[in-house]
Amino acid sequence: LQEFLEWLERRDQADSPDQAEWTIRSLEASGTLKTSANGSTWAEMTCQLNVQTGQSPQWHSLPLMLGEGLLAGMTDSEQETASSQIMVARDVDSGQWLLWYRDRKAFTVTLDLLVPIRTTGEQSQLTLTTPLAARTELQLALNRTDLKVDLLSRGFLEKDIADEKTSIRVAGFQQAVDLRWTPDRPDNTTEPIMNVDSQIEVSRGTESTVV
C-alpha cells in the first residue's frame, strides 16, 4: 500500500514509459432482488471480469465503471500470489470504480455489488454503467411471473418463467444497461355504461308529451 501511495505522488511528475495496455475479455454479472423493511429494493450482484493486461511492475488503472453500485467485496483469482497486487477504489471525481494492478498479465476479478433499484409508480428500473468488454452477459432473477420486461439500452433480451420466478438474461450490452419492468396486467374490456336521467317535454297546442 505504501508503494502505491508513493506512486500516486509521482504520477503527476512524469508519465510511465511502460504503460500497460488492458482488455476485458468477458464480463458476466448475475443478481437477485432484495427488499428492506422500509420498502427500498436493491440487486445483490456478482460481476466477474476476465482481464488481459500487458505485464508491468508499475501501477496502472483500469476503469471498471459500475458507479451505481456499492462495493461489498472482491475476490482475486491470484490473491494467494504475494508478488501480484491488485486493488479496487472509487474515483472521487467521477464516482466510478477503478481497478489498480501491477505485475499482472491474465487474471479474473469478481466484484460483489449492491445496486439500488429505482421505483416510479409500478415501474422498477435497474441501471448499470459497465466497462467495454468483448463479451457481456447479465442475468437477473425476479420473484414474480406477471411482469412485462423492457430493455432500453443496446443488447439482446431473453425472459424465462419457471419455479414462480422470472429469469432475465441480457447479452451483448456495451457500457450501459437500462432494464425496466412493470406488472403485466391483462387488458380488461368494460362495456360502456349509460346512465341517463333526463326529462324532455314537448308541447304542441294543447297536447303534451313527456319522455
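The values are calculated or read from the model by the stated rules, or taken from the named source; none is laboratory data. Given the structure is predicted, the values throughout are model-derived calculations rather than measurements. Virtual Cβ from ideal backbone geometry, glycine too; neighbours counted across all protein chains shown. Surface areas here come from the heavy atoms of the whole protein model, side chains and all, with no ligands, DNA or RNA. Shrake-Rupley method; radii C 1.70, N 1.55, O 1.52, S 1.80 Å.
Take the conditions surrounded by fewer than 18 Cβ atoms within 10 Å (Cβ to Cβ), within 14 Å of the chain's Cα centre (by Cα) and without any contact (Cβ under 8 Å) to a residue 40 or more places away in the chain and apply them to Arg118. Does it pass? Here the answer is yes, as Arg118 does meet what is asked. Would you be able to say whether some residue in the range 134-146 is within 17 Å of Val177 (Cα to Cα), of a type in the set (Val, Ile, Thr) and out of contact with any His (no Cβ under 7 Å at 6 or more places or on another chain)? Yes: one or more hits.
Would a scan of the range 134-146 turn up a residue that is out of contact with any Asp or Glu (no Cβ under 8 Å at 6 or more places or on another chain) and acidic (Asp, Glu)? The answer is no, given that none of the residues of the range 134-146 is out of contact with any Asp or Glu (no Cβ under 8 Å at 6 or more places or on another chain) and acidic (Asp, Glu).
Take Arg90 and decide whether it is basic (Lys, Arg) and either surrounded by fewer than 15 Cβ atoms within 10 Å (Cβ to Cβ) or within 26 Å of the chain's Cα centre (by Cα) (or both). Taking the combined requirement at face value, the residue satisfies it.
Listed here are the residues, each with its yes/no results for (1) among the aliphatic types (A, V, I, L, M); (2) touching a Cys at 6+ places or on another chain (Cβ under 9 Å); (3) at pLDDT 95 or above.
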residue	(1), (2), (3)
Glu28	no, yes, yes
Ser36	no, no, no
Ile86	yes, no, no
Ala106	yes, no, no
Arg118	no, no, yes
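Taking only pairs six or more apart or across chains, which ones have beta-carbon atoms under 9 Å, a first residue in the range 152-164 that is under 15 Å from Leu142 (Cα atoms), and a second residue that is basic (Lys, Arg)? The qualifying pairs are Leu157/Arg169; Glu158/Arg169; Lys159/Arg169; Asp160/Arg169; Glu164/Arg144.
Applying a threshold of 6 Å to beta carbon distances and a minimum spacing of six or more residues, or different chains, the list of pairs starting in the range 54-77 at a residue that is farther than 14 Å from Gly31 by Cβ and ending at one that is open to solvent by less than 10 Å² (accessible area, probe 1.4 Å) and of a type in the set (Phe, Trp, Tyr) reads Ser77/Phe107. Of the residues making up the range 162-175, those that are more than 19 Å from Trp42 (Cβ to Cβ) and either open to solvent by less than 90 Å² (accessible area, probe 1.4 Å) or polar (S, T, N, Q) (or both) are Ala162, Arg169, Ala171, Gly172, Phe173, Gln174, Gln175.
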